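The values are calculated or read from the model by the stated rules, or taken from the named source; none is laboratory data. Keep in mind it's a predicted model, so treat the numbers as computed, not measured. Neighbour counts run over all protein chains shown; Cβ positions are idealised from the backbone, glycine included. Just the protein is used for accessible areas: all its heavy atoms, side chains included, with ligands, DNA and RNA removed. Shrake-Rupley method; radii C 1.70, N 1.55, O 1.52, S 1.80 Å.
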Amino acid sequence: SRLYMAMEWLDGRLLRQVLAEEGQMSIQRAVSIALQILASLDYMHSSGVVHRDLKPENIMLDGKDHIKIIDFGIAAAAGARRLTFGKFSQIMGSPDYISPEQVKNKRGDARSDLYAVGVILYEMLTGETPFHGANPFAVMNARLVTSPRPPSEINPEIPPQLQQIVLRALERDPNQRYATAQEFAHDIANPDQVQLTETPALVDLRQQPPLGRRSLLSRLMLALLPALVFCVLLYVARAG
């Protein structure tokens, strides 16, 4: 296929490989890579195409950290048929990078790609992804009920403005995120123009129960998750 042929001659390393070998990046390098990803997405979105499965595994870096987005296996026109939970493995995206609206069986749009960029930027800055769980379903569920740990708690060198940019990209409500890749890129490139405010994610984080109680709630949700998954899959099977 054309994609296979392109991968034959692309020279470089996948961002996943870079993160696995080198871990947390410098702020300058992470920002530079994020800006390039957003520039590519801006071009795609302006053409009406949403990637829907953006992750470090399909971002390639050359020796000078120039990026190339590859693997458009589930990319589709913005008005394409919505994603379905029952077809998760084929078209729903990757658990660590999928947006909350896609988890809830809603069609992903450009803001879903921007959510994925937020996760990738978080990972480049901290060396870890925002949400964790015992299995892919737990990871996806976590972003529906909890807010990500502020990245500066993991990497204290992250300035407040950049943290606010990342957390805005990771908002559960798409309407609270950046509307376009261009808007997202503008703030990253001009952090001095970002006004520090109480983002919904930080407010939500402070309102969460204490850690011990939070752990109990997490265990309870994990216990109920298999039943929820079964019900959803049964519904999708009958609807099909």
Exercise. If each of residue 46 and residue 16 carries a label point 7 Å out from its Cα toward its Cβ, how far apart are those two points in nm?
Worked result: 3.0
Exercise. Relative to the present Cα-Cα distance, how much length would full extension add between residue 64 and residue 175 at 0.36 nm per residue of separation?
Worked result: 36.4 nm
Problem set entry | Rounded percent of accessible protein surface that carbon and sulfur make up, the range 97-164, 1.4 Å probe | 48
Problem set entry | Computed over the range 134-194: relative contact order in percent, which uses C-alpha pairs under 8 Å that are six or more apart | 26
For this session: State the extension gain, in nm to one decimal, for the chain segment bounded by residue 193 and residue 57, taking 0.36 nm per residue of separation less the distance between their alpha-carbons.
Result: 45.8 nm
For this session: Give the long-range amide H neighbours of residue 14: residues separated by 5 or more places, or on another chain, with amide H under 5 Å away, using H modelled in the peptide plane at 1.01 Å from N.
Result: 61
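Taking only Cα atoms of the range 126-192, what ratio of Rg to Rh do you get with Rh as the Kirkwood inverse-distance radius? Mind showing how you got there, number by number?
Values: Rg = 13.1 Å, Rh = 13.1 Å.
Value, to two decimals: 1.00.
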Seminar exercise, completed: Mean Cβ-within-10 Å packing, highest first, puts peptides 150-159, 164-173, 98-107 in the order 164-173, 98-107, 150-159
